[in-house]
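Engineer: This is the structure I want to talk about, given as structure tokens.
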Amino acid sequence: MRLRALLLGLVAVGLSAGALAADPVVIKFSHVVAQDTPKGKAAERFKELAEKYTSGAVKVEVYPNSTLYKDKEEMEALQLGAVQMLAPSLAKFGPLGVREFEAFDLPFIFDNYDALHKVTYGPVGQQLFAKLEPKGIKGLAYWDNGFKSFSANTPIKKPDDLRGKKMRIQSSKVLEEQMRELKSLPQVMAFSEVYQALQTGVVDGTENPISNLYTQKMHEVQKYLTITDHGYLGYAVIVNKKFWDGLPTELRTQLDKAMKESTEYANKIAKEENDQALEMVKKSGKTEVYVPTTEERLAFKKVLVPVHKKMESRIGGDLIKSIYEATSFDPNKL
Ligand code: LMR
């Protein structure tokens, strides 16, 4: 009798151990853009690779389009451990108390993706990630989106064309200052609310990489789009540090590999996705797309580059200088 009880006990222990081993670690990955965007596609790629490399020991649940959390809530949810992974835009770290990421928002600071990669793949990018750790967050990778363009319901050819316009921005003080330089009225708003705000006239215009504009159908409610490429929008893929550090080493190594490969994928497709989105916007015929001349773009540059100096006290003169050094940007030579 005692032997039988013992055997049953062993079977029960074995079963629960088996059940435990079969229970995958779940990574909830929340984001605010459509699936059909550089970030949306890269998140799906990470899911696929993470599940493959861990042989199903990790399950990644991707929640796109603000279906789980909106901009403001998602950071809190990550810190609380309600989600494990996010990829917020670099413009959204100010409210967390990490203002330095707003350096990425400085208008015209990156001439192109190559210049940007000097920062995101270099020591400055890593130094910025270190600033997240005291907040209980770990930075894993930088994912590209692209360069932003202004849109509105009236033509935009010169800086003064945005005077007095209500312009939706992300929650970045640098972007606020940028809009003030243009004499427009910046309005911070969650990404999920932008389409409706444009449609109802709560705001007059906005700025975005074209992939975001197109996949949220903003072009249907914006008559004019000018390809200013005046600033960069990209992402930091971040995890709850306690969760990440608590993973078995083997799983973490497999996930690191999945992240590395999905980062290569993200940064490979970003430009193509934005180029394709621009073609689709043009094809739709709903928005007039204007490509400024070199002189017209220079006029925006002249008005907006002084934002760098004005924002030194917020994001740090040394940090701005180290970006200039990495990218060879010279604010005195426009
Ligand atoms: C925005 O709010 O405009 C963007 O940050 C959305 C995103 O995640 O690309």
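Engineer: Being of a type outside the set (Asp, Glu) and closer than 13 Å to Lys47 by Cβ is the filter here, so list the residues in region 238-265 that pass it.
Structural biologist: Hits for region 238-265 are Leu255, Ala258, Met259, Ser262, Tyr265.
Engineer: Please go through region 113-163 and pick out each residue that is within 18 Å of Lys39 (Cβ to Cβ) and among the β-branched types (Val, Ile, Thr).
Structural biologist: Of everything in region 113-163, those that are within 18 Å of Lys39 (Cβ to Cβ) and among the β-branched types (Val, Ile, Thr) turn out to be Thr120, Ile137.
Engineer: Does any residue of region 4-23 turn out to be outside any helix (DSSP H, G or I), in contact with a Phe, Trp or Tyr (Cβ under 6 Å, 6 or more places away or on another chain) and at pLDDT 50 or above?
Structural biologist: No: zero hits.
Engineer: Here's another thing I want to ask about it. Being farther than 26 Å from Ala141 by Cα and without any contact (Cβ under 8 Å) to a residue 60 or more places away in the chain narrows it down to one residue among Glu220, Glu295; which is it?
Structural biologist: Glu295
Engineer: Moving on to the next point. Go through region 165-192 and give me each residue that's touching a residue at least 40 places away in the same chain (Cβ under 8 Å) and in a helix (DSSP H, G or I).
Structural biologist: Within region 165-192, Lys173, Val174, Leu175, Glu177, Gln178, Glu181, Phe191, Ser192 meet the criteria.
Engineer: Output the number of residues of region 31-53 satisfying the condition of being over 17 Å from Leu233 (Cβ atoms) and either assigned to a strand (DSSP E or B) or touching a strand residue (DSSP E or B) at 6+ places or on another chain (Cβ under 7 Å) (or both).
Structural biologist: 5
Engineer: Exactly one of (1) within 13 Å of the ligand (Cβ to nearest atom); (2) over 20 Å from the mean Cα position of the chain (by Cα); (3) not in a helix (DSSP H, G or I) is unmet by Val202. Its number?
Structural biologist: Answer for Val202: the failing condition is (1).
Engineer: Based on this model, can you work out whether Asn112 counts as at pLDDT 95 or above and surrounded by fewer than 17 Cβ atoms within 10 Å (Cβ to Cβ)?
Structural biologist: Taking the combined requirement at face value, the residue satisfies it.
Engineer: Suppose the filter is farther than 21 Å from Phe243 by Cβ, surrounded by 23 or more Cβ atoms within 10 Å (Cβ to Cβ) and within 12 Å of the ligand (Cβ to nearest atom); does Phe104 pass it?
Structural biologist: yes
Engineer: Does region 147-178 hold any residues that are of a type in the set (Gly, Ala, Ser), crowded, with 16+ Cβ neighbours inside 10 Å and farther than 18 Å from Glu102 by Cβ, and which are they?
Structural biologist: Matches in region 147-178: Ser149, Ser151, Ala152.
Engineer: Would you confirm, using the coordinates I've provided, whether Thr37 is buried (at least 18 other Cβ atoms within 10 Å of the Cβ), within 16 Å of the ligand (Cβ to nearest atom) and either closer than 26 Å to Glu273 by Cα or at pLDDT 95 or above (or both)?
Structural biologist: Judged against the criteria, Thr37 is a match.
Engineer: Also, I was wondering about something else. Can you tell which of Ala87, Ala77 is within 12 Å of the ligand (Cβ to nearest atom), of a type outside the set (Val, Ile, Thr) and modelled with pLDDT of 95 or more?
Structural biologist: Unique residue meeting the criteria: Ala87.
Engineer: For region 54-62, state whether one or more residues are assigned to a helix (DSSP H, G or I), in contact (Cβ under 8 Å) with a residue 12 or more places away in the chain and small (Gly, Ala, Ser).
Structural biologist: no
Engineer: Tell me yes or no: at least one residue of region 134-152 is in a helix (DSSP H, G or I), touching a strand residue (DSSP E or B) at 6+ places or on another chain (Cβ under 7 Å) and more than 12 Å from the ligand (Cβ to nearest atom).
Structural biologist: no
Engineer: Turning to a different aspect of this structure: Specify the residue that is nearest to Ala50 (Cα to Cα); the eligible residues are those in region 63-80 that are of a type outside the set (Val, Ile, Thr) and part of a loop (DSSP other than H, G, I, E, B).
Structural biologist: By that ranking, first place goes to Pro64.
Engineer: Right, here's the next one. Report whether or not Ile210 is buried (at least 22 other Cβ atoms within 10 Å of the Cβ), more than 10 Å from the ligand (Cβ to nearest atom) and under 15 Å from the mean Cα position of the chain (by Cα).
Structural biologist: yes
Engineer: Kindly indicate whether Leu96 is within 16 Å of the ligand (Cβ to nearest atom), farther than 19 Å from Gly317 by Cβ, among the aliphatic types (A, V, I, L, M) and touching a residue at least 60 places away in the same chain (Cβ under 8 Å).
Structural biologist: No, not satisfied.
Conditions (1) part of a helix (DSSP H, G or I); (2) among the aliphatic types (A, V, I, L, M); (3) within 23 Å of Val188 (Cα to Cα); (4) at pLDDT 95 or above, marked per residue:
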{"position": "Ala103", "(1), (2), (3), (4)": "yes, yes, yes, yes"}
{"position": "Phe108", "(1), (2), (3), (4)": "no, no, yes, yes"}
{"position": "Lys118", "(1), (2), (3), (4)": "yes, no, no, yes"}
{"position": "Gln127", "(1), (2), (3), (4)": "yes, no, no, yes"}
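Engineer: When region 288-314 is examined, which residues are found to be assigned to a loop (DSSP other than H, G, I, E, B) and either in contact with a Ser or Thr (Cβ under 7 Å, 6 or more places away or on another chain) or surrounded by fewer than 14 Cβ atoms within 10 Å (Cβ to Cβ) (or both)?
Structural biologist: Once the filter is applied, which keeps residues that are assigned to a loop (DSSP other than H, G, I, E, B) and either in contact with a Ser or Thr (Cβ under 7 Å, 6 or more places away or on another chain) or surrounded by fewer than 14 Cβ atoms within 10 Å (Cβ to Cβ) (or both), region 288-314 yields Val291, Pro292, Thr293.
The values are calculated or read from the model by the stated rules, or taken from the named source; none is laboratory data. On a predicted model such as this, the values are computed, not experimentally measured, just so you know. With ideal geometry, Cβ positions are generated from the backbone for all residues, glycine too; neighbour counts draw on all protein chains shown.
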